[in-house]
Each structure stands twice: as structure tokens, then as C-alpha cells.
Amino acid sequence: MEIEQQLSASIKAAVKSLYDIELADKQVQLSPTRKEFEGHLTLMVFPFMKQTPVKNPELLGQAIGEWLVANEPLVAKFNVIKGFLNLSINAGSWVEKLQGIFANPNFGIQPISDDAPLVMIEYSSPNTNKPLHLGHLRNILLGWSLSKIITACGNKVVKTNIVNDRGIHICKSMLAWQKWFDGATPESTGKKGDHLIGDCYVAFDKHYKAELQDILANDPEIQGIHVFKDQLPDGTLPEDPEKTAEARKGVAEMKSTLMQEAREMLRKWEAGDPEVRALWAKMNEWVYAGFDETYKMMGVGFDKIYYESNTYLEGKELVLEGLEKGLFFRKADGSVWADFTKEGLDQKILLRKDGTSVYMTQDIGTAKLRYQDYPIDKMIYVVGNEQNYHFQVLSLLLDRLGFKWGKDLVHFSYGMVELPNGKMKSREGTVVDADDLMAAMIDDAREASSERLADMSDEEKQNVYRIIGLGALKYFLLKVNPVNNMVFNPAESIDFNGNTGPFIQYTHARIKSVLRKAEAETLNAEGLDGVEISEKEQTIIQKLLDFEQVVKRAGAEYSPALIANYTYDLAKEYNQFYHDTSILKEEDARKRQFRLVLSTCVARVIKTAMDLLGIEVPERM
């Protein structure tokens with residue numbers, strides 16, 4: 001913020017003038033003054049008190065404050081509380097800053113130069129054996145918002161997705177469709193393709209569990225397995241029920257014909273079996289069509305989509321090359337591993353004993369292709385914190401394979417999202433489907449706001465319900481610090497009061513209503529010099545000026561939550577101003593003009609900030 005920069009320079013000049021001491025930039029620490037004290041910005045004098053001959057912090061603050069009032073036009077007055085110097089900026093400077101904001105429709109957004117860094121951001125990363133769910137929503141919304149924020153910080157951004165379209169989990173859905181779905185299609189069932197395939201995945205798990213129970217109950221070999229504890233003093237060997245059950249389950253899983261068939265299907269797929277590949281392609285197309293509908297409703301997209309079926313062979317080839325060079329090793333069963341014990345980690349499998357690939361293999365191949373396709377300066381993976389170890393290993397693997405960018409990859413690790421009633425499980429069909437959740441949120445918005453929109457057409461109403469419902473969902477998921485686990489509460493998210501999307505959206509609509517009623521007045525910020533403004537109006541301008549730094553910090557810390565909570569604070573400050581201050585009925589024309597300009601700037605910043613979160617704001621509400 002220019003005011004802070006100017007003040008910092010003047011504070012350094014004050015200390016130089018008073019005590020002939022050169023302060024370092026980091027010693028001048030300015031922050032917004034706490035609400036219980038008078039002032040706009042507060043200086044801590046403790047960081048440089050030892051260098052000055054004045055050892056009393058209040059006297060030191062007093063001396064600096066007096067120098068600033070005499071020599072720095074920005075400072076109107078000051079007060080000292082212990083070691084804190086609270087500075088009040090003169091009203092004219094705030095008006096000047098507001099004029100600058102009003103003149104810049106893109107305030108807070110940095111331009112992108114031709115030589116700007118290129119940042120690739122990966123998010124979504126779905127499997128083609130199930131529809132997108134609540135967990136995916138947090139991932140996608142974080143990735144989409146982060147891409148907007150990184151762009152707003154002056155970077156070129158490529159938004160990318162890796163679709164996990166191969167592997168044992170895909171084969172489970174394919175096998176289930178063959179066995180129990182009698183040729184069902186999205187058209188014949190009236191279901192989105194991703195939902196139909198998700199049903200197949202749940203069906204496999206149901207039948208697989210039933211088969212395991214049957215084996216455990218009736219297979220004599222299984223029944224004969226016993227695991228014993230240490231021998232007792234009397235020479236007996238007591239059975240360990242927990243380990244016995246675990247051992248029996250492991251053997252039962254190996255005996256499962258369903259799992260054997262799924263593994264055989266995977267081997268055929270990797271061998272290029274025409275029949276298996278044709279079924280795989282058909283079912284995946286159903287899923288892709290379903291995903292596209294969901295992405296469209298969410299308002300997100302990608303610049304480039306990679307598919308594991310195209311990248312895993314690249315990774316497999318790199319692993320085998322690394323094996324020949326002695327970078328990896330092969331175990332007796334034929335599987336290929338990397339040893340990271342010297343790095344404080346453990347051994348990581350890269351190829352199974354049957355030669356099939358694991359996720360790590362695919363990620364190696366995908367990384368190679370991406371850096372071939374784009375001159376990437378930074379690679380950011382938006383993936384949940386349960387994969388922290390995976391990305392530690394991936395970074396080391398890429399570095400070991402000789403890719404200089406390996407150690408520089410960024411894992412944007414975020415916490416899990418749950419519902420008030422607990423965790424979700426895809427195999428058991430207990431996930432919260434993304435499509436269903438978005439539809440429910442729109443319905444909730446309809447119930448909460450239908451009376452407010454009585455004068456709108458049905459088409460306008462439906463659009464506003466969509467904007468409010470999705471805004472509530474997105475904001476609730478993004479306002480929490482990404483590193484934290486969270487519980488999503490639909491009822492709380494749709495509230496028009498408190499730290500919610502609808503509260504911010506309503507504030508924007510309220511301002512637009514005021515501006516529509518004032519359409520007869522031509523907004524002009526140029527003639528506002530010398531207008532008298534209140535403390536609350538100064539506070540709002542100060543809050544507006546913070547936006548630039550909040551965007552930069554959100555980009556540096558990969559945190560859309562900073563944008564979300566800033567926007568809530570701005571909306572809250574404006575609503576207090578709106579309730580306490582007359583705008584359209586203000587008789588002083590210059591004050592009325594100032595308040596309309598201020599309101600316009602607040603509406604613009606709210607709209608820009610919410611757009612960085614991927615959230616629309618309605619004109620009417």
C-alpha cells in the first residue's frame with residue numbers, strides 16, 4: 001500500500017533526523033491500528049529502541065510522532081500507547097487514495113507481462129470409476145480460485161487436470177457392469193454416465209464383500225489358519241484373535257475370484273486386449289460426459305487435460321531406464337523399487353511384480369510430458385494432505401531421474417472436508433455427490449430468498465437462486481484455511497447473516513440498488529478534494545487499499561481463505577456504514593457524491609474479490 005510505503009520512508013527519515021540512525025526496512029513494522037484505539041496505522045518502536053539514546057518507548061514514540069506531524073503531510077495526529085505509536089492519516093489523503101481506486105477498474109489485479117513466470121496448477125484429478133463428490137469440490141474450487149489468484153498476481157497460468165482413467169479400480173467398475181448391469185447405458189437408465197459407473201463400483205464392492213464373507217465362513221483352509229501369541233509359562237500357546245482374523249482375511253482376498261478377475265482384466269488392458277479396451281473406452285466416455293456437466297455447473301474448466309492411460313507408459317519407461325542406471329532396484333518377486341532410506345524415508349514401489357504401474361509411475365510420466373509441453377517455471381499440485389508423503393517421494397524421484405525441476409514442485413496440501421455426520425466412503429456409496437449437493441444448495445437458496453425476489457421473472461429468479469446457492473457452497477469451502485480439515489454445514493452456509501457467501505452477495509446487490517436509484521447523478525471522483533469524511537468512511541477506504549496486499553499475500557501463501565475473509569470484513573464494514581449513514585438523502589451534494597463513489601469502489605472490489613474465489617455476485621437480490 002502506497003500510504004504504508006510513504007510512512008515507512010518518513011519514519012526512517014525521522015529516526016535519522018532525530019538520532020542519526022539508519023533503520024533497516026524490516027525494523028519499521030506498521031499494522032492497522034486496533035479498533036479500540038484511535039488511529040489508522042500503528043508503529044512498533046521496540047525493534048529499534050536499543051539503537052536510540054531514548055530507552056523509554058513512550059518518549060521515543062512521542063518524539064517520532066511529533067516529527068511526523070511536523071514533516072509528513074500524511075499524518076494528521078498521533079497517540080502513544082506504551083511502545084505503540086498510533087498514527088492518524090489526514091482525511092484529504094484518504095480521499096486522494098479513493099480517487100485512485102475509482103479511476104482504476106482493475107484495482108488489485110496486476111498486469112501480466114510477456115516475460116511473466118508460467119505457473120501450472122493441477123487440480124480435480126478424478127478417477128473414472130465414480131462421480132465427483134464433496135471432497136472433489138473442495139479440491140476443484142481451491143485449484144480454480146488459486147489459478148485466478150496466481151494470475152491476479154501477474155503470472156501466466158496453465159490450469160491442468162490428470163484423469164486417473166486406468167487401474168484396478170477402473171477394472172472393478174468394468175467387471176461389475178459386465179456381470180450385473182445387463183448392458184445398461186446412461187440413455188437407458190436416465191442417469192449421468194459418471195453416476196452409472198459409480199453404481200457399478202459400489203456393486204463390485206458389495207459383491208466382493210459378500211464373497212469374502214462366504215470364503216471366510218466356508219473355506220476349510222481359511223478356517224485352519226491360526227496365529228498364536230507368545231508361549232505361556234504352562235507351555236500353552238494362546239491364539240491371537242485379531243491377528244488370526246487379519247491373516248484369514250488376507251488369504252481370503254487372494255482366493256477371491258472377483259478380485260482375480262479384476263486383476264486379469266487389468267493385465268489384459270495393459271496388454272492392449274481389443275475387447276477390454278473397447279469396453280474401457282465406452283465406459284470412460286460416459287464418465288467424461290458426466291464430469292463435463294458437473295464442471296460446467298461449477299463454473300470451472302481446464303486449459304489442458306492429461307490422461308493416466310497416456311502417461312503411465314512414459315513413467316514406466318523412465319523407471320526401467322532408472323533401473324538400468326542403478327537408480328532403482330528389483331526385488332526377488334520382480335517388482336521395482338526406489339530406496340530413500342538415506343533421505344530419512346523408506347522404500348517405494350514403482351512397478352508391481354506383474355509389471356503393472358502404480359500412481360507414482362504415472363506421476364513421473366505426467367511430469368515429464370508437462371515440462372515437454374510447457375516452459376513451466378513452477379508446478380503446483382492441488383492434492384489433499386493424505387498424499388503429503390507421496391509428493392515428498394515424487395520430488396525426490398524426479399530429482400534422482402535428473403529433472404532439475406523435481407525439487408521445486410509445490411504440493412498445495414489441503415485438509416479433508418466432512419459432513420456433520422462423519423466421513424465419506426466411495427466404495428460403500430456414502431459419498432456426498434457433487435451434483436446432488438449443488439442442486440440441494442440451489443433449492444436451499446430458493447427457500448431462503450424467494451420472498452426477496454417477488455418482482456423478478458422466473459428466469460431471473462432461477463439464475464439468482466443458482467448464484468446464491470453455488471456462492472454459499474463455494475464460499476463456505478474456501479473461507480477456511482486450506483491446511484485445516486473442515487466440516488461442511490449446508491444450513492450454516494446459506495445464512496444471509498455472518499461470514500457467508502450470501503451475506504457478501506447481498507451487500508453487493510444492496511450497493512447496486514443504491515447506485516441504480518442514483519442513476520440521475522453522474523459519478524465523478526475528481527471534484528471531491530477537501531470533502532469532509534467520517535472516521536467510518538476513512539476506515540472503509542483503508543480497507544479498500546488493503547486489497548492489493550491481500551491478493552499478493554494470498555498468492556504467496558496459496559490461500560483463497562485470505563481473500564474470502566477480507567471480503568467479508570469489507571462487506572461488514574460497509575453494512576455498518578450503510579445503516580448509520582445517509583447516502584441518497586444526504587443534502588450536501590459533495591458528500592453524497594463521495595458516498596456514491598465510495599459505494600461504487602466497495603462494490604467493484606467485492607465483485608473482483610469474489611471472482612477470484614470463482615463466485616458470482618448478483619446485481620439484484
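The values are calculated or read from the model by the stated rules, or taken from the named source; none is laboratory data. Only a predicted model underlies this, so the values are computations on that prediction, with no experimental measurement involved. Please note: Cβ atoms are built from the backbone with ideal geometry, for glycine as well, and neighbour counts cover all protein chains shown. The area values use the complete protein model at the heavy-atom level, side chains included, leaving out ligands, DNA and RNA. Shrake-Rupley method; radii C 1.70, N 1.55, O 1.52, S 1.80 Å.
Set side by side, the residues I504, I563, I533, I494 differ, and just one is closer than 26 Å to G92 by Cβ, in contact with a helix residue (DSSP H, G or I) (Cβ under 9 Å, 6 or more places away or on another chain) and not charged (D, E, K, R), which is I533.
Restricting to region 38-57, and then to whatever is in contact with a strand residue (DSSP E or B) (Cβ under 7 Å, 6 or more places away or on another chain) and open to solvent by less than 90 Å² (accessible area, probe 1.4 Å), can you tell me which residue is farthest from A91 (Cα to Cα)?
Of region 38-57, the ones in contact with a strand residue (DSSP E or B) (Cβ under 7 Å, 6 or more places away or on another chain) are 38-45.
Keeping just the survivors that are open to solvent by less than 90 Å² (accessible area, probe 1.4 Å) gives 39-45.
Working: G39: 12, H40: 11, L41: 14, T42: 17, L43: 19, M44: 23, V45: 25 Å.
The qualifying residue farthest from A91 (Cα to Cα) is V45.
Count of region 341-357 residues, restricted to those that are over 15 Å from S395 (Cα atoms) and crowded, with 18+ Cβ neighbours inside 10 Å, is 3. Could you check region 88-127 and list, in sequence order, the residues that are under 30 Å from E532 (Cβ atoms) and hydroxyl-bearing (S, T, Y)? Of everything in region 88-127, those that are under 30 Å from E532 (Cβ atoms) and hydroxyl-bearing (S, T, Y) turn out to be S88, S93.
Within region 526-547, one or more residues are in contact (Cβ under 8 Å) with a residue 60 or more places away in the chain, under 24 Å from the mean Cα position of the chain (by Cα) and open to solvent by 10 Å² or more (accessible area, probe 1.4 Å).
For region 264-281, taking the residues that are more than 16 Å from Q178 (Cα to Cα) and in contact (Cβ under 8 Å) with a residue 60 or more places away in the chain, the one that is most open to solvent (accessible area, probe 1.4 Å) is identified as R267. Please verify whether region 63-71 includes one or more residues that are open to solvent by 70 Å² or more (accessible area, probe 1.4 Å) and free of Cβ contacts under 8 Å to residues at least 60 places away in the same chain. Yes - at least one qualifying residue is present in region 63-71.
P32 meets all of the listed conditions (1) open to solvent by 40 Å² or more (accessible area, probe 1.4 Å); (2) out of contact with any His (no Cβ under 9 Å at 6 or more places or on another chain) but one, namely (2).
For the criterion of being more than 30 Å from I64 (Cα to Cα), out of contact with any helix residue (DSSP H, G or I) (no Cβ under 8 Å at 6 or more places or on another chain) and either crowded, with 19+ Cβ neighbours inside 10 Å or free of Cβ contacts under 8 Å to residues at least 12 places away in the same chain (or both), S147 passes. Report whether or not S395 is over 26 Å from K156 (Cβ atoms) and over 20 Å from the mean Cα position of the chain (by Cα). Against the criterion (over 26 Å from K156 (Cβ atoms) and over 20 Å from the mean Cα position of the chain (by Cα)), S395 does not qualify. Among the residues of region 444-488, the ones that are charged (D, E, K, R) and within 29 Å of S559 (Cα to Cα) come to 4 in all.
Only one entry of D436, D373 meets the criterion of being charged (D, E, K, R), surrounded by fewer than 16 Cβ atoms within 10 Å (Cβ to Cβ) and in contact (Cβ under 8 Å) with a residue 60 or more places away in the chain, and that entry is D373.
Give the residue that is farthest from K474 (Cα to Cα), with candidates limited to residues of region 290-316 that are at pLDDT below 95 and open to solvent by 80 Å² or more (accessible area, probe 1.4 Å). Checked region 290-316; the qualifying residue farthest from K474 (Cα to Cα) is L313. Checking the structure you have, find out if any residue of region 585-595 is surrounded by 21 or more Cβ atoms within 10 Å (Cβ to Cβ), aromatic (F, W, Y), in contact with a helix residue (DSSP H, G or I) (Cβ under 8 Å, 6 or more places away or on another chain) and at pLDDT 95 or above. Taking every residue of region 585-595 in turn, at least one turns out to be surrounded by 21 or more Cβ atoms within 10 Å (Cβ to Cβ), aromatic (F, W, Y), in contact with a helix residue (DSSP H, G or I) (Cβ under 8 Å, 6 or more places away or on another chain) and at pLDDT 95 or above. Scanning region 445-457 for residues that are part of a helix (DSSP H, G or I) and either in contact with a strand residue (DSSP E or B) (Cβ under 8 Å, 6 or more places away or on another chain) or open to solvent by less than 50 Å² (accessible area, probe 1.4 Å) (or both) turns up A445, A448, S449, S450, L453. Region 20-139 holds helices (runs of 4 or more DSSP H) entirely within its bounds, and those carrying 1 or more residues that are modelled with pLDDT of 95 or more and farther than 30 Å from M610 by Cα map to 57-71. Reported count of residues in region 322-340, each being crowded, with 17+ Cβ neighbours inside 10 Å and farther than 24 Å from I168 by Cα, is 3.
Scan region 84-117 for residues that are open to solvent by less than 20 Å² (accessible area, probe 1.4 Å) and among the aliphatic types (A, V, I, L, M) and report the count. Qualifying residue count, region 84-117: 7. Answer with yes or no whether A367 is closer than 29 Å to L137 by Cβ and open to solvent by less than 40 Å² (accessible area, probe 1.4 Å). Yes. The listed residues are M441, M416, M379, and the only one of them that is closer than 30 Å to T151 by Cβ, in contact (Cβ under 8 Å) with a residue 60 or more places away in the chain and crowded, with 18+ Cβ neighbours inside 10 Å turns out to be M379.
Of all residues in region 458-488, those that are open to solvent by less than 50 Å² (accessible area, probe 1.4 Å) and not small (G, A, S) total 17.
Among all residue pairs at least 6 apart or on different chains, which show Cβ distances below 6 Å where the first residue, located in region 602-621, is under 19 Å from K159 (Cα atoms) and the second is part of a helix (DSSP H, G or I) and polar (S, T, N, Q)? Partner pairs satisfying both residue conditions: L613/S145; G614/S145.
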